[in-house]
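S.K.: Before anything else, here's the structure in question.
The values are calculated or read from the model by the stated rules, or taken from the named source; none is laboratory data. Remember, it's a predicted structure, so these values are computed and weren't measured experimentally. Here Cβ is always computed from backbone atoms with ideal geometry, including for glycine, and neighbour counts include all displayed protein chains. Just the protein is used for accessible areas: all its heavy atoms, side chains included, with ligands, DNA and RNA removed. Shrake-Rupley method; radii C 1.70, N 1.55, O 1.52, S 1.80 Å.
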Amino acid sequence: MKTFLDQNKPICTCTEDTCEGCEAGKNIVCHFNLKSLAGFLLVAIPSFIIAIIGMCLSHWLFLLPWIAAVLLFFGLVEIRVMCSHCPHYAEPETKTLKCWANYGSPKIWKYRPGPMGIWEKVVFFSGGAFIFLYPAVIIAFAGRFILLSIFFAYVLAGFYLMHRFMCRKCMNFACPLNAADERAKEEFKKRNPGT
Ligand code: SF4
Ligand code: SF4
């Protein structure tokens, strides 16, 4: 079973024979590895840990619907509405995602190159908002405003770091949060015309 895609082999949507010296690969991340996965987890996990602590301080039962929502959203729903548009999703050799975010999520949907539809964006943003606002509301109702501020600080820092170091280099141009510049997109599209 593959842990990550072969770093030296162009991705399946790419028409090039080799990645060596590729201009597109300098600005867009086509291959992921343990370092990029660890970078994502370091940025994302602190706010989740604070959310869990905050909910447990009120009552551990508050965790159950949230954990169900997290598993459903990142394991199934987000994969359908957002990741199924990503060139990484198209890899025929893998049955689960091998990227920096959503690593290990199953690819049960079909690959859908092209932009996300309006309802997909609505589901994407609503699901994301629920994941972060649900614990915030519970922490706020318990009157733990210092913890709430720390939680929001980590959420905002996480979004900033993700935007700065990942969204700017992400190959999923369909995602509304993608921040790759036009030149980088053009270079990638030239080599991945069907995406
Ligand atoms: S665009 Fe193609 S050739 Fe360039 S780095 Fe990505 S997979 Fe490799
Ligand atoms: S959109 Fe991001 S998380 Fe989803 S498959 Fe592509 S790289 Fe992975």
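S.K.: For the range 75-122, which GluC sites (Glu not before Pro) are both in a DSSP coil and crowded by at most 16 other Cβ atoms within 10 Å?
M.R.: Here the sparse-neighbourhood loop sites are GLU93.
S.K.: While we're on this one: For LYS107, list the lysines whose Cα falls under 16 Å from its own Cα; do not include residues on the same chain fewer than 8 positions away.
M.R.: LYS2, LYS95, LYS98
S.K.: Whole-Hz ³J(HN,Hα) for each residue in the range 121-130, computed from phi via Karplus 6.51 cos²θ - 1.76 cosθ + 1.60 with θ = phi - 60°, x for glycine and proline: what do you get?
M.R.: Here the 3J(HN,Hα) series is 5, 4, 5, 4, 6, 5, x, x, 5, 4 Hz.
S.K.: Right, next: With every protein chain present, what is the per residue accessible area of the range 32-191 (1.4 Å probe, Å²)?
M.R.: Spelled out: the 1.4 Å probe surface of the range 32-191, per residue, equals 54 Å².
S.K.: Pick from VAL77, VAL43, VAL122: which is most flexible by mean-square fluctuation in a GNM of the chain where alpha carbon atoms under 10 Å apart are linked?
M.R.: Per the Cα network of the chain with a 10 Å cutoff, VAL122 tops the list.
S.K.: So the label point goes 7 Å from the Cα of LEU57 along Cα→C-beta, right? Which residues of the range 152-180 then have their backbone N under 13 Å from it?
M.R.: 152, by backbone N distance to the label point.
S.K.: Next question, about the same structure. Given the -39500 (n - 2.57) contribution per DSSP H run of 4+ residues, what per-residue ellipticity at 222 nm results for the chain, rounded to the nearest 500 deg cm²/dmol? Present the calculation step by step, with values, prior to reporting the outcome.
M.R.: Details: 7 runs with 98 residues, N = 195.
One gets -16000 deg cm²/dmol as the mean residue ellipticity at 222 nm.
S.K.: To the nearest µm²/s, what D does Stokes-Einstein give for the range 44-195 at 4 °C and 1.567 mPa s, using the Kirkwood radius over alpha carbon pairs as Rh? If you can, show how the numbers build up before the last one.
M.R.: Working: Rh = 16.8 Å.
Roughly 77 µm²/s, to the nearest whole number.
S.K.: So for each of 163-170, 48-55 I average, over its residues, the number of other beta carbons within 10 Å; can you give me the resulting order with the highest mean first?
M.R.: 48-55, 163-170
S.K.: For LYS95 and LYS121, FRET efficiency with R0 = 25 Å and r from the beta-carbon atoms, rounded to 0.05?
M.R.: Values: r = 27 Å, r/R0 = 1.06.
About 0.40, to the nearest 0.05.
S.K.: Return the sequence-ordered ³J(HN,Hα) values of the range 152-165 in whole Hz as given by the Karplus equation 6.51 cos²θ - 1.76 cosθ + 1.60 applied to θ = phi - 60°, using x for Gly and Pro.
M.R.: 5, 4, 5, 4, 5, 4, x, 5, 4, 5, 5, 4, 5, 9
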